[in-house]
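The values are calculated or read from the model by the stated rules, or taken from the named source; none is laboratory data. Note that the coordinates shown come from a computational prediction; the quantities given were computed from them, not determined experimentally. Here the Cβ is made from the backbone with ideal geometry for all residues, glycine too, and neighbour counts use every protein chain on show. Heads up: the accessible areas ignore ligands, DNA and RNA and are worked out on the full protein's heavy atoms, side chains in. Shrake-Rupley method; radii C 1.70, N 1.55, O 1.52, S 1.80 Å.
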Amino acid sequence: AEDESRLRAFTAQISIALENADLAQRVKQEEVTRAELSRFLSPAVAEAVVKGQVELKRNRSAEVSVIFADIRGFTTLAEAEDADETVLMLNSFFTAMANVVFRHEGNLDKFIGDCVMAVWGPPSAHPDDANRALKAALEMQTEVAELNAQRVAEGKSPIQVGIGINTGTAVVGYMGSAERHEYTAIGDSVNTASRLCGLAKGGEVLASEMTVRRAGPGFKVEPVSVLQVKGKEKGVNTFRVVGLTG
């Protein structure tokens, strides 16, 4: 009976040790997953994915609001600075843009050279995603102005950023090769946002009519002549977003 009691105590200790080891492994895996997801999802969405409250794996068609923010004249700017200064400038720009995206609960899709792509929609869509995207775009220009104030104080040339936004249906999900893939959005609506970005001047925010209508009131907008974007037969009704009302 004494040996049996000792055996029970011993096996109980083993069970606790195994459970603790399993828990530690799961916590470690969650930390790795959370860190990976935080590269492109806002902290709140990343946490929801880790907890299983939001599904990432299922590819689907959904409405998205897409932003492209691109530095104008980057090649000329890079030629005037050494490589280290160029990298520091890009890192400061990307960090500021990513922070804005996450503050408005968007997804940081990718960095493309000197351009930022952000998406509002799945995996955690909001009914006011277009509104969030427009506010984020205006805040991005404010952040650029603050970066420029610092650059000018350091004797460096300011940067100019053009932003394009469009809202429409896209295919959203994990895409790529077996070895490398990413969570992204593709489709004509994404291409249109990219084309509007290409047409935007430095300091300008151009948004499609769909985005402005979906965003609702609260924005100062100026109609722009119908823009003919590459790859589309019909022109895109476009507005210049200059600020918030009130």
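Within region 69-85, being free of Cβ contacts under 8 Å to residues at least 60 places away in the same chain and closer than 19 Å to A149 by Cβ holds for no residue. When residues in region 129-159 are screened for being out of contact with any strand residue (DSSP E or B) (no Cβ under 9 Å at 6 or more places or on another chain), in a loop (DSSP other than H, G, I, E, B) and not small (G, A, S), 3 of them pass.
Residues in region 105-117 that are in contact with a helix residue (DSSP H, G or I) (Cβ under 8 Å, 6 or more places away or on another chain) and of a type in the set (D, E) were compared, and the one that is surrounded by the fewest Cβ atoms within 10 Å (Cβ to Cβ) is E105.
Within region 184-191, can one find any residue that is closer than 26 Å to N91 by Cα and modelled with pLDDT under 90? Yes; the residues of region 184-191 include at least one that is closer than 26 Å to N91 by Cα and modelled with pLDDT under 90.
Considering region 204-238, the residues that are of a type in the set (A, V, I, L, M, F, W, C), part of a strand (DSSP E or B) and at pLDDT below 95 include one that is most open to solvent (accessible area, probe 1.4 Å), namely V226.
When F102 is tested against (1) open to solvent by 30 Å² or more (accessible area, probe 1.4 Å); (2) without any contact (Cβ under 8 Å) to a residue 60 or more places away in the chain; (3) aromatic (F, W, Y), only condition (2) is not met.
Among the residues in region 119-134, are any within 30 Å of D84 (Cα to Cα), in contact (Cβ under 8 Å) with a residue 24 or more places away in the chain and touching a His at 6+ places or on another chain (Cβ under 6 Å)? No: region 119-134 contains no residue that is within 30 Å of D84 (Cα to Cα), in contact (Cβ under 8 Å) with a residue 24 or more places away in the chain and touching a His at 6+ places or on another chain (Cβ under 6 Å).
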